Each structure stands twice: as C-alpha cells, then as structure tokens.
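Engineer: First, the structure itself, so that you have it in front of you.
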Amino acid sequence: MLSPSVSVVADGKTFERILKDDVETKPVDAIKLADDSRIRRVILCSGKVCCDLYEQRAKRGIEDVYLLRVEQLHPVPLKALANELSRSPRTDVVWCQEEPKRPAAASPELGTMSQHRAQLAAFMEQAFAR
C-alpha cells in the first residue's frame, strides 16, 4: 500500500516532503476517513512504522485518526506540515516512531521477535488511544 507504483515514478513525479493519508489519496474499501472536523488525532510518522499504523488502524476500524507521513526529516518541512495540520486545527498531533525513547527517527528492531511484537503492540495502543 505504501510503495509507489511504477507509473508514479515513471510519470516524473517529484519527491514529496510529506505524504497525505493513503486512504485519502487512494481510497480503499477497508476504511473510510472521517471529515476533517471529526479527526481527533493526526499521527506524524516515517518509515516502516507507517505500514504498521495503517494496518492497525484498518484492523481496529478507526476512522478519526489521520496518518501523515513525513518523508523529509531535515530540514523539517514546516510550511507543508502547517498547511496540512490547518485542516483540523483542534486536533491532537503526535509523532510516532518504533523506539519512542530514542531521539532518532531510525529504529532498529529489538533482540527477539517476541520483544519486538510486545513493543509494537504497546505503542499501537498509545498511538490510537482515546
């Protein structure tokens, strides 16, 4: 779902600093997004965690959480972010990454798969908490 198709790359598209929610740009039957006025949270994310967030949101049937992918981490695309976030000005905005205690956006996996799954489940709960 998150990989660009060959046609997008071949059509000479340029690098996007932020990417709107895939459900908004490529509607799927699995989930519909609420109107901007009903969005309760915008989750800013980058990398593999975006895939995990999309999957969990669909499984949970959540329609009021918008996923905004930040593709350019430095310099932060402030104007583009401000423009997108202005759509829902009273919305809770959070940054989500796999290792919340680590300041870098890069996040290597933990030592074991069971530890990784436990950590993934814990931060998914925090990301989608009411």
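Engineer: Ranked highest first by average number of other Cβ atoms within 10 Å, how do 90-96, 63-69 line up?
Structural biologist: 63-69, 90-96
Engineer: Compare the peptides 38-50, 72-84 by average per-residue count of other Cβ atoms within 10 angstrom and give them in order, highest first.
Structural biologist: 38-50, 72-84
Here, each number is a calculation from the coordinates, and none is a lab measurement. Keep in mind that what you see is a predicted model, and the values were worked out from it rather than measured. Note that we place each Cβ from the backbone using ideal geometry, even for glycine, and neighbour counts take in every protein chain shown.
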